[in-house]
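See below for the structure under consideration.
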Amino acid sequence: MKLRAIALAGVVSVAGLGLIGAGAHAVFTTSTASSQTITAGTLDVVVSSPDAPGCTLVSDGCTSLTLNPVGPVGSTFDTKASVVTLTNVGNIPANYSTVTLSETDNNSTFKSETGLCDYSLGGDGAGHFVGVDNNGLLTAQLGTFSISGTGPEYVIQPGETDSYSVDFYAGQASTVCGGTALPSLTQAAQGGSLTATLSYGFTG
C-alpha cells in the first residue's frame, strides 16, 4: 500500500472514533406528572323551631335558639313538647359527638323536683336515636355526654334533618315520654324558675 493511501486510511479511522465518542455523551430523558385539587368542606348545622321567634325557618341560620317561655305553672304540670329541628346546611356529613344539658335557676327545690323529657323524632335522615332518649328528673340528666357510634343514626348527611322534642313536667308522667309519674312540686318550689339548655356537638 502506498504511503499516501495509508495516511488517508488513518485519518478516516480517527474521524470514525471521534463520532463514536460524541455519541456516548447523549442522554435519553422522559418525565411524568399528576396533580389533584383537594377542597375542605364546610361543617354547618342550624336549629329551628316553630316555638322560637326569629328561628322558625332553616333560612334564619340560627345555631342557637330560645323557645317561648312557659308559666306560671302549678304544682302539677306538663309543658308543651316543643319540636326543635337540626338541619345540616353544610356540604359534609355532621357526626354527633356530644350532648350537653345545662341549666340555671333561682330555686334549687324547683330544679330538683322538675322532670325533663327529651324525645327524638328522627327526620328525613336516619334519625340520631330511636324512641326515648332521656326521661326523668332534670338533675339526673345534667352534664356533657359523649356520643359514639359508626352507624347512620349517628350522622346527619348534607341537606338532611333530625328533630327532637323537649317538655318539662312534675306531678305526673310526661305525655310524650310516658314512664313513671313524678311527685308534685312541694311548697318550697313556689316562685321558682329555671332555664334549661340542650346542646348537641358535631364533628366533620
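Quick one: what pairs do we get from the range 191-204, first residue farther than 13 Å from Gln141 by Cα, second among the β-branched types (Val, Ile, Thr) and part of a strand (DSSP E or B), C-beta under 6 Å, 6+ apart or different chains? Pairs found: Thr195/Thr104; Tyr200/Val99; Gly201/Thr98; Phe202/Val45.
Only one residue in Thr37, Thr30, Thr109, Thr66 is in contact (Cβ under 8 Å) with a residue 40 or more places away in the chain and either of a type in the set (Val, Ile, Thr) or not in a loop (DSSP other than H, G, I, E, B) (or both), so which one is that?
Numbers: Thr37 fails: in contact (Cβ under 8 Å) with a residue 40 or more places away in the chain; Thr30 fails: in contact (Cβ under 8 Å) with a residue 40 or more places away in the chain; Thr66 fails: in contact (Cβ under 8 Å) with a residue 40 or more places away in the chain.
Within the list Thr37, Thr30, Thr109, Thr66, the selection yields Thr109.
State yes or no: is Ser163 in contact (Cβ under 8 Å) with a residue 40 or more places away in the chain, part of a loop (DSSP other than H, G, I, E, B) and of a type in the set (Ser, Thr, Tyr)? No.
Checking the range 41-54 against the condition returns a match, with at least one residue being in a loop (DSSP other than H, G, I, E, B), among the acidic types (Asp, Glu) and either out of contact with any Gly (no Cβ under 7 Å at 6 or more places or on another chain) or at pLDDT 95 or above (or both). With respect to being at pLDDT 95 or above, surrounded by 15 or more Cβ atoms within 10 Å (Cβ to Cβ) and among the polar types (S, T, N, Q), Asn134 falls outside the description. It is to be established whether one or more residues within the range 181-188 are surrounded by fewer than 17 Cβ atoms within 10 Å (Cβ to Cβ), without any contact (Cβ under 8 Å) to a residue 12 or more places away in the chain, outside any loop (DSSP other than H, G, I, E, B) and over 33 Å from the mean Cα position of the chain (by Cα). Yes, the range 181-188 contains at least one residue that is surrounded by fewer than 17 Cβ atoms within 10 Å (Cβ to Cβ), without any contact (Cβ under 8 Å) to a residue 12 or more places away in the chain, outside any loop (DSSP other than H, G, I, E, B) and over 33 Å from the mean Cα position of the chain (by Cα). Does at least one position in the range 84-105 carry a residue that is touching a residue at least 60 places away in the same chain (Cβ under 8 Å), surrounded by 15 or more Cβ atoms within 10 Å (Cβ to Cβ), farther than 30 Å from Thr39 by Cα and of a type in the set (S, T, N, Q)? Taking every residue of the range 84-105 in turn, none turns out to be touching a residue at least 60 places away in the same chain (Cβ under 8 Å), surrounded by 15 or more Cβ atoms within 10 Å (Cβ to Cβ), farther than 30 Å from Thr39 by Cα and of a type in the set (S, T, N, Q). Of all residues in the range 166-180, exactly one satisfies the criterion of being assigned to a strand (DSSP E or B) and surrounded by fewer than 20 Cβ atoms within 10 Å (Cβ to Cβ), namely Gly178. Are any of the residues in the range 148-160 surrounded by 16 or more Cβ atoms within 10 Å (Cβ to Cβ), of a type in the set (Asp, Glu) and modelled with pLDDT of 90 or more? So far as the range 148-160 goes, yes, one or more of its residues are surrounded by 16 or more Cβ atoms within 10 Å (Cβ to Cβ), of a type in the set (Asp, Glu) and modelled with pLDDT of 90 or more.
The values are calculated or read from the model by the stated rules, or taken from the named source; none is laboratory data. Nothing here was measured: the structure is a model prediction, and the numbers come from that model. Reconstructed Cβ throughout: ideal geometry from the backbone, glycine too, with neighbour counts over all protein chains shown.
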